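Encoded as structure tokens, the structure appears first; notes follow it.
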Amino acid sequence: MQSYKRSVRVAELIQQELANIVRDIKNREIGFTTITTVTLTDDLQTARAFYSVIGTEEETQKTAVVLKAAVKEIRHELAVRLNLRRTPTLEFVFDETPVKADRIFELLEKIKSEEPIHEKEPEDENPEN
């Protein structure tokens, strides 16, 4: 059995519960929000939750405002759901990884469509030694 740091195990648990809590937020102005990763300090005092939003730029900005405004309530709900000695302070950070990945795929497709296809010339079937 492989051992893991406690902070990694607790971060995974926090990620699962934060995903449920954020999903239950009843604000219709926010986009579809996903908690992608949670990093936790080794002393379990500070959690940084990375999130992504599927929606318009306006919904992404409103989601950031809503999460920042509701951080105390979210932390309280997290404390109720988890049985930890101390609930870590929360910080929400927008995860730009999906946006960057989409941009990279767009650039690769653009390069692929602009690049002429060069067919290999058939090699001699009877190579001379």
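Can you find a residue that is part of a strand (DSSP E or B), loosely packed, with under 15 Cβ neighbours inside 10 Å and within 19 Å of the chain's Cα centre (by Cα) anywhere in segment 52-61? Scanning segment 52-61, I find at least one residue that is part of a strand (DSSP E or B), loosely packed, with under 15 Cβ neighbours inside 10 Å and within 19 Å of the chain's Cα centre (by Cα), so the answer is yes. Taking the criterion of being farther than 22 Å from Val66 by Cβ, part of a loop (DSSP other than H, G, I, E, B) and of a type in the set (A, V, I, L, M), the residues of segment 1-51 that qualify are Met1, Leu44.
Cβ-Cβ contacts under 9 Å between residues 6 or more apart (or on different chains), taken from a first residue in segment 92-106 that is within 16 Å of Gly55 (Cα to Cα) and among the aliphatic types (A, V, I, L, M) to a second residue that is at pLDDT 80 or above and not in a helix (DSSP H, G or I), are listed as Val99/Ser52.
Selection over segment 42-82 of residues that are among the polar types (S, T, N, Q) and more than 22 Å from Glu96 (Cβ to Cβ) gives a count of 1.
The values are calculated or read from the model by the stated rules, or taken from the named source; none is laboratory data. Just so you know, these numbers come straight off a predicted model, no measurement behind them. With ideal geometry, Cβ positions are generated from the backbone for all residues, glycine too; neighbour counts draw on all protein chains shown.
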